[in-house]
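Let me begin by presenting the structure, written as structure tokens, before commenting on it.
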Amino acid sequence: MSEPLERVDVAIVGGGMAGASLALMLAHFCPHLSVQLLEQRSLHNASASVQLPSFDTRATAIAAGSLQLFEQLGLWPALREYSAPIKRIQVSDRGHAFGAALSAGAQKQASFAGMLGAVIENAALGPILHNALNDTAVRLISPARVTSVQMDNEGANLRWTAVDGGSEHVMKCDLLVVADGVDSPLCKQLGMEIDTVKYQQRALVTTVALQRDHDGVAYERFTASGPMALLPLPRREGVHRAAVVWACAEEEADVVCALPEQQRLQRLQQQFGWRAGRFIRAGALQGYPLSLSLAREQWRRNLVLLGNCAHFLHPVAGQGFNLTLRDCYALAQSLVRSQVQSGAVGQLEWLAAYGENRRLDQQLTVGFSDRIPALFSSANPFQQVVRQLGMLGLTLVPPLRQQFAGQAAGFGL
Ligand SMILES: Cc1cc2nc3c(=O)[nH]c(=O)nc-3n(C[C@H](O)[C@H](O)[C@H](O)COP(=O)(O)OP(=O)(O)OC[C@H]3O[C@@H](n4cnc5c(N)ncnc54)[C@H](O)[C@@H]3O)c2cc1C
């Protein structure tokens, strides 16, 4: 039997990076809205976050603009404690003896607190976001799986069940934000079509222990076997550490993952080279199949798609979460305006304004990330220039991204 209908302003489905970030922004910028966040996995203790897909063993490069947003939310002190600053980016390309370097000092307009960005392990990011949510008026409901959604003239109707076998609940909201990840079943249920292109590549992710300090340098190396990024991590128990993200062909990924530990370490070192010194240990490799998924519509009346279910990008460029944070900020600002003007957050007019606001940034970022697979293998001089600037540089330094986007759009460098 369903409980009586509960009515809220905003319901967010999915407590991963996207859903949790939006909930924090709504709590900060729109404190008068009633917001509920439903997550199918348990979030009842500090370590529970790591069981969510967002907060697994990966590390995330967060751009300076995103760090500024987190500062506004009051999260920078906690993030600083668990992240490593990116002070410099060093890019090297196969067949070129000298690479390019970008530093926070030379890119002042793109830096935050003297850094181009910061790298945080997702397992640390999850508890920071979820603990911060506990200090807000957002109601966190977990474990709660949303099983069905129906739209009517007054908003969205959700049915959810407590995953541990509890009763079914019904909720009505003015605005439903679907942030349930890639291949979203709720999108399918709502008839929101998603275009997907598979790249036949996998991102291999692990943590390596380094013999010497990384000094806040993020490296990017382009090779015939795909690009590899080495991202600085905070020291743990005196050990210098870095996160590896290597995008390679599916067949190569199978071979590397099957190697015994010592040979795997040697393969990673051979792939990356010696710029960051010797790798002394490597963790297990996690593989992420690479694709571009893009929702044909991201909003309708009373409905917005957010995060991986709206756009899932090639991860080597480290763009996905940074793009989602900009989406979250724009949506929160749109809801602030809708409240001032009309009081109804699900109105088409405000959601269309949000969509329009996000169109160009999303188009450029998605287009840029989609060109990545071709970029790795190309001998085209323009694409070599982009490789020299580096994916991370393009992610973390907006003027470079604008330059690239200008070129991609035919305006010339
Ligand atoms: C290898 C890799 C490296 C990356 N590195 C970077 C980087 O350096 N920088 C960057 O900006 N981005 C990076 N990204 C992108 C980033 O990881 C994504 O932007 C982020 O994971 C988006 O999370 P999400 O919340 O949209 O989805 P998810 O993490 O999938 O979260 C969805 C949540 O919804 C919950 N859920 C699902 N269905 C339901 C339901 N019916 N009811 C209730 N809850 C439900 C799930 O349990 C889950 O917690 C990387 C991605 C990959 C794959």
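Quick look at the values:
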item	result
Any strands (runs of 3 or more DSSP E) falling wholly within region 75-138 and containing at least 2 residues that are crowded, with 20+ Cβ neighbours inside 10 Å and at pLDDT below 90	88-93
Scan of region 281-320 for residues that are over 20 Å from the mean Cα position of the chain (by Cα) and within 21 Å of T206 (Cβ to Cβ), ordered by number	R281, A282, G283, A284
Residue match in region 10-22 (condition: near the ligand (Cβ under 8 Å from one of its atoms) and in contact with a Phe, Trp or Tyr (Cβ under 7 Å, 6 or more places away or on another chain))	yes
Given (1) open to solvent by less than 20 Å² (accessible area, probe 1.4 Å); (2) at pLDDT 90 or above, number of the condition P31 does not satisfy	(1)
Options R278, R235; residue that is of a type in the set (D, E, K, R), open to solvent by 70 Å² or more (accessible area, probe 1.4 Å), at pLDDT 95 or above and within 24 Å of the chain's Cα centre (by Cα)	R235
Qualifying position, being surrounded by fewer than 14 Cβ atoms within 10 Å (Cβ to Cβ), away from the ligand (no atom under 15 Å from the Cβ), within 28 Å of I194 (Cα to Cα) and modelled with pLDDT of 95 or more, among E251, E297	E251
Subset tally (residues that are within 30 Å of V163 (Cα to Cα), more than 9 Å from the ligand (Cβ to nearest atom) and at pLDDT 95 or above) for region 38-74	0
Region 300-321, subset open to solvent by less than 50 Å² (accessible area, probe 1.4 Å), more than 12 Å from the ligand (Cβ to nearest atom) and not in a loop (DSSP other than H, G, I, E, B), residue farthest from E261 (Cα to Cα)	L303
Qualifying positions in region 187-241 - at positive phi and among the polar types (S, T, N, Q)	Q200
Qualifying residue in region 205-226 (condition: of a type in the set (A, V, I, L, M), farther than 25 Å from L323 by Cβ and touching a helix residue (DSSP H, G or I) at 6+ places or on another chain (Cβ under 7 Å))	yes
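The values are calculated or read from the model by the stated rules, or taken from the named source; none is laboratory data. Everything numeric here is computed off the predicted structure, so don't read it as measured data. Methodologically, a virtual Cβ is constructed for each residue, glycine included, from the backbone with ideal geometry; neighbour enumeration extends over all protein chains shown. Keep in mind that these areas ignore ligands, DNA and RNA; they rest on the heavy atoms of the full protein, side chains included. Shrake-Rupley method; radii C 1.70, N 1.55, O 1.52, S 1.80 Å.
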